[in-house]
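Here the structure comes first, spelled out in structure tokens, and everything after it is commentary.
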Ligand SMILES: Cc1cc2nc3c(=O)[nH]c(=O)nc-3n(C[C@H](O)[C@H](O)[C@H](O)COP(=O)(O)O)c2cc1C
Ligand code: SF4
Ligand code: SF4
């Protein structure tokens, strides 16, 4: 079966595949743009372009991996903590870099789109940046209304700080739209009380596409020195552990705003993760941390993983499975409340470690000393905790006969 990974985000934005390299250290300049697309990405988003000199000068050092073994093994458990600010290059230089990159892409007939990420400190700067990147040949504009490092006390018109005020978000989207013909992408912070409302605000103001979601602000404190590690301040905190949160918001946004084009993001580490976001309705995904940690080579690995999964399930196009899982996600009122399952200890697998006895909130796992424990069904509330906690998978779940 021939697999076709193309995906359409807008009448002017068709991608050869759904993997977009998100704004970050992998898209710092024209060379990175070309290299990212050459590596097989369907698109790249530039590091955020700004006039703010404070955002252009980077703290040093500024990146830290929590649990590097997990990171190198591409597991779900590591975190990436950093204070990589916006692009070091001023907008005038970016105009040249974008033009050069676009020329090289067309000369070498490389596929993929170039999205310019921008952040203004004033409405006029947002407008100017929109005009500049449009004239320089970007294929779309992404609004950085999500940067975790921007505090409301620093500037209320960019990054996460702007996203706290719906009027400001609306005004930025409208002003940018008035100054470009390009598709405009709103990037959603997971920090607001309700990212769905933020999505609604962006779309009402004219955003064509949304990214759900960016990452969080965090603080890692060394308890001995009583100081933040490395750079001495707060940082952005994300990683593959974030995926269930981003996926839930993506699902909620797609469900509430089904007509809106959504790019899933936040914690994507594999081709199966790409499939997860498309299954809840995303048309493409953005990946940053995994590419920062594993290099551009991981793009093809992830796309192969996606293709293998599609083959296994008999899907030849993205649209064949986009949104397919939505029907399987039950609303709270429809979740099963009956005791239709039972949990049983398998004595041959049990190592009598005692974990299930300790974790059971209903004291339903009976400790039998030298013998494997048993579940007392009269006390068991079927919460599932012992089953998920057993380190040796010695507890099984079975449906009751009637
Ligand atoms: C080191 C680093 C630098 C980043 N720089 C930017 C940036 O300049 N602009 C932006 O909009 N997002 C930036 N991001 C956020 C990413 O684009 C992305 O939204 C976020 O990391 C979630 O995706 P991930 O889980 O695949 O990393 C950065 C992320 C990291 C880790
Ligand atoms: S947690 Fe698993 S291995 Fe440990 S006592 Fe319970 S059933 Fe046995
Ligand atoms: S399913 Fe929950 S209530 Fe039942 S034995 Fe296990 S931990 Fe206890």
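The values are calculated or read from the model by the stated rules, or taken from the named source; none is laboratory data. As the structure is a computational prediction, the values presented were derived from the model and not from experiment. Note that each Cβ is placed from the backbone with ideal geometry, even for glycine, and that neighbours are counted across all protein chains shown.
Just to verify a result, which residue in segment 378-402, among those that are part of a loop (DSSP other than H, G, I, E, B) and closer than 12 Å to residue 345 by Cα, is nearest to ligand 3 (Cβ to nearest atom)? Spell out how you get there, then give the answer.
Just the residues of segment 378-402 that are part of a loop (DSSP other than H, G, I, E, B), to begin with: 378-384, 390-394, 400-402.
Imposing the further condition that a residue be closer than 12 Å to residue 345 by Cα reduces the set to 390, 392-394.
On the way: 390: 9, 392: 15, 393: 14, 394: 12 Å.
Out of the qualifying residues, it is 390.
So residue 394 passes all but one of these: (1) touching a helix residue (DSSP H, G or I) at 6+ places or on another chain (Cβ under 9 Å); (2) within 27 Å of residue 252 (Cα to Cα). Which condition number does it fail?
Unmet condition: (2).
Within segment 338-364, which residues are touching a residue at least 40 places away in the same chain (Cβ under 8 Å), within 12 Å of ligand 2 (Cβ to nearest atom) and not in a loop (DSSP other than H, G, I, E, B)?
343, 344, 345
In the set 199, 207, which member is outside any loop (DSSP other than H, G, I, E, B), within 16 Å of ligand 1 (Cβ to nearest atom) and touching a helix residue (DSSP H, G or I) at 6+ places or on another chain (Cβ under 7 Å)?
Numbers: 207 fails: outside any loop (DSSP other than H, G, I, E, B).
The unique qualifying residue is 199.
From 214, 199, 207, which residue is under 26 Å from residue 332 (Cβ atoms), in contact with a strand residue (DSSP E or B) (Cβ under 7 Å, 6 or more places away or on another chain) and touching a residue at least 12 places away in the same chain (Cβ under 8 Å)?
Step by step, each of 214, 199, 207 is checked, and only 199 is under 26 Å from residue 332 (Cβ atoms), in contact with a strand residue (DSSP E or B) (Cβ under 7 Å, 6 or more places away or on another chain) and touching a residue at least 12 places away in the same chain (Cβ under 8 Å).
Among residues belonging to segment 375-388 that are surrounded by 14 or more Cβ atoms within 10 Å (Cβ to Cβ) and farther than 12 Å from residue 342 by Cβ, point out the one that is farthest from the chain's Cα centre (by Cα).
Ranking the candidates gives 383 first.
Suppose the filter is surrounded by fewer than 16 Cβ atoms within 10 Å (Cβ to Cβ), more than 16 Å from ligand 1 (Cβ to nearest atom), in a helix (DSSP H, G or I) and without any contact (Cβ under 8 Å) to a residue 60 or more places away in the chain; does residue 367 pass it? Even if it seems obvious, please write down each step before you answer.
On the way: surrounded by fewer than 16 Cβ atoms within 10 Å (Cβ to Cβ): yes; more than 16 Å from ligand 1 (Cβ to nearest atom): yes; in a helix (DSSP H, G or I): no; without any contact (Cβ under 8 Å) to a residue 60 or more places away in the chain: yes.
Spelling it out, it is not the case that residue 367 is surrounded by fewer than 16 Cβ atoms within 10 Å (Cβ to Cβ), more than 16 Å from ligand 1 (Cβ to nearest atom), in a helix (DSSP H, G or I) and without any contact (Cβ under 8 Å) to a residue 60 or more places away in the chain.
Among the residues of segment 48-69 satisfying the criterion of being buried (at least 24 other Cβ atoms within 10 Å of the Cβ) and under 22 Å from the mean Cα position of the chain (by Cα), which is nearest to residue 133 (Cα to Cα)?
The residue in question is 49.
When you check residue 236 against the structure, is it more than 11 Å from the chain's Cα centre (by Cα) and either within 16 Å of ligand 3 (Cβ to nearest atom) or assigned to a strand (DSSP E or B) (or both), yes or no?
Yes; evaluated as a whole, the condition is true for this residue.
From the list 72, 143, which residue is in the same structural domain as residue 191 (by TED's automatic domain parsing) and either at positive phi or surrounded by 22 or more Cβ atoms within 10 Å (Cβ to Cβ) (or both)?
143
In this structure, does residue 207 turn out to be buried (at least 22 other Cβ atoms within 10 Å of the Cβ) and over 17 Å from the mean Cα position of the chain (by Cα)? Spell out how you get there, then give the answer.
Values: buried (at least 22 other Cβ atoms within 10 Å of the Cβ): yes; over 17 Å from the mean Cα position of the chain (by Cα): yes.
Yes, satisfied.
Being within 19 Å of residue 20 (Cα to Cα), in the same structural domain as residue 187 (by TED's automatic domain parsing) and either surrounded by fewer than 17 Cβ atoms within 10 Å (Cβ to Cβ) or at pLDDT below 95 (or both): is that true of residue 124 here?
no
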